[in-house]
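First up is the structure itself, then whatever we jot down about it.
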Amino acid sequence: GETINLKSRNIRIGASENMSVSGEKALFLQSVSGDLHLKSKGNTFMNPEQNLYLRTEGGSVAIQSEGPLKMNSAGSFVSLNANSYMSLGAENNMNIESKGGSVNLNASNNLGLSADMMFMKGGSDINISAGGQANIGAGSDLTLVAAGGNLFAQSSGDTNIKGGGSVKIEGSGSISLKGQAA
């Protein structure tokens, strides 16, 4: 009436059509000293009515796909956080895009962006800020475009713009460069 225990070296349960396992309050799947595998020749769905948590107690979380890897949120935002270091990398092209708002890159310490060719475009504003150093470097061309918005760079220390070739600053309105003698 309360508990059924099955214990053997190996236990296999099979169904020729469908199998359903449910618990009225909770369902636990646990491997005490080995791996836990979920495998399907079709799709695998995890569809809770509330939240979905992936957590390790000392290891790492690895997500790998032989095809495209997509993360979508129908909610208000997607948040990626790291306590010490975060790396986003691609062997070919990487696109960071906002289809209706701003792209903001913020760091409380140092922020570095580098590529052989880099292009940033914002339909509104482009904001890059760092509490320490903000470095944007390119092995070839560097282009920053704010189509219809503002492109703003400011530092409390020195601001350096260097080019191995020509350095070009254009504006359809006025261009203002201001400095104070030391």
Non-local residues with an amide H under 5 Å from the amide H of residue 115, with H modelled 1.01 Å from N and Pro and chain starts lacking one, are 137, 138, 139
What's the Kirkwood radius of the range 12-66 in Å, using all Cα pairs?
14.9 Å
Obtain the nm distance between the two label points defined at residue 98 and residue 13 by a simple spin-label model: each point lies 7 Å from its Cα along the Cα-to-C-beta direction.
5.0 nm
Taking N as the number of residues in the range 25-111, what value does Rg over Cα atoms divided by 2.2 N^0.38 Å take?
1.46
Compute the distance in nm between two label points, each set 7 Å from the Cα along the Cα-to-Cβ direction, one at residue 175 and one at residue 69.
4.2 nm
Can you work out the PRE-style zone for residue 82? Point 7 Å along Cα to Cβ, and I want the residues of the range 57-75 with backbone N under 17 Å.
59-64
Sequence order, the range 36-43: Karplus ³J(HN,Hα) from phi using 6.51 cos²θ - 1.76 cosθ + 1.60, θ = phi - 60°, Hz rounded, Gly and Pro as x, gives 10, 10, 10, 9, 8, 6, x, 7
Based on the Cβ-Cβ distance of residue 51 and residue 141, what FRET efficiency does E = 1/(1 + (r/R0)^6) give at R0 = 41 Å, to the nearest 0.05?
0.40
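Each reported figure results from applying straightforward, stated rules to the coordinates on display, with no laboratory input. It should be emphasised that the depicted structure is a prediction, and the values quoted were computed from it without experimental measurement. FYI the Cβ positions are ideal-geometry reconstructions off the backbone, even for glycines, and counts take in every protein chain you see.
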